[in-house]
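Novice: Pasting in a structure now, in structure tokens, and then I'll have a few things to ask.
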Amino acid sequence: MSPLLRELIRAFGALPAEYDEQGPGGRLAAVLLDQVAAAPTLGLMLPLPQEPRLRQICEALEAEPDSREGLAAWSARLGCTERTLARLFRQHTGLNFRLWRQRLRLISALPLLEAGERVTDVAIACGYDSVSAFIASFREHFGATPGEFAGERGMGE
């Protein structure tokens, strides 16, 4: 994400929900939309399945991104095979379970980093076994380290 886009998002987030579309807020929104359209895609789409069993899994993981439960535990809880859940995950999200969970964890990290949380604390809160694994995954998906993303605002890595 470019520094310009990051700052546009921050500025837009400070606008009231009902900003004047013809005034400065509307012009800011138009520039923001132009920049989003021109930005490279990050591949962090997180499709949410409608299938009830998968929806239950996804909602639980959204509430606790650091959960260690895998498909084997979920299959026992839901009364189906791990293979069935894996097949359904790919069919309904286009992603395998591991990749879906990785994207969830990375997306969950963004507001924490934006709030100035330490990278170590964010890595743990998002279920990573090590800070270096979190940084490597974050860099792979965003093209920057978590510290660079957050603007190096005094966070410790």
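The values are calculated or read from the model by the stated rules, or taken from the named source; none is laboratory data. Quantities reported herein were computed from a predicted structural model and do not represent experimental measurements. Cβ: placed from backbone, ideal geometry, glycine included. Neighbour counts: every protein chain shown. Note: accessible area is taken over every heavy atom of the protein model, side chains too, but ligands, DNA and RNA are not part of it. Shrake-Rupley method; radii C 1.70, N 1.55, O 1.52, S 1.80 Å.
Novice: In whole angstrom, note down how far apart the Cα centers of segment 93-108 and segment 16-84 are.
Specialist: Centre-to-centre (Cα) distance: 9 Å.
Novice: What does the charge add up to near residue 108, with Lys and Arg as +1, Asp and Glu as -1, over the other residues with Cβ less than 12 Å from its Cβ? It would help to have the intermediate numbers written out before the result.
Specialist: On the way: positive: 101, 103, 105; negative: 62, 64, 66, 114, 117.
With Lys, Arg at +1 and Asp, Glu at -1, the neighbours total -2.
Novice: Report the longest stretch of the chain that contains none of the trypsin sites (Lys or Arg not before Pro) sitting in a DSSP loop with at most 13 other Cβ atoms within 10 Å.
Specialist: Looking at the chain, 69-152 is the longest stretch - no exposed trypsin sites (Lys or Arg not before Pro) with at most 13 other Cβ atoms within 10 Å.
Novice: While we're here: Ignoring any ligand, DNA or RNA, what whole percent of the accessible area of segment 18-157 comes from carbon and sulfur when the probe is 1.4 angstrom? Spell out each step's value before the answer.
Specialist: On the way: 4070 of 7850 Å².
On segment 18-157, the fraction of accessible area on carbon and sulfur atoms equals 52 percent.
Novice: What does the net charge come to around residue 54 if you take all other residues with beta carbon closer than 15 Å to its beta carbon, with K and R at +1 and D and E at -1?
Specialist: Once all neighbours under 15 Å are counted, the net charge is +4.
Novice: How large is the accessible surface per residue of segment 65-137, computed with a 1.4 Å probe and reported in Å² as a whole number?
Specialist: With the other protein chains kept in place, segment 65-137 gives 50 Å² per residue.
Novice: Net charge near residue 68, counting Lys/Arg +1 and Asp/Glu -1 over other residues with Cβ under 11 Å of its Cβ?
Specialist: Once positives and negatives cancel, what remains is -3.
Novice: Based solely on its DSSP helices, what 222 nm [θ] is calculated for the chain when runs of n ≥ 4 H residues each add -39,500 (n - 2.57) and the sum is averaged over all residues, nearest 500 deg cm²/dmol?
Specialist: Values: 9 runs with 99 residues, N = 157.
Rounded to the nearest 500, the figure is -19000 deg cm²/dmol.
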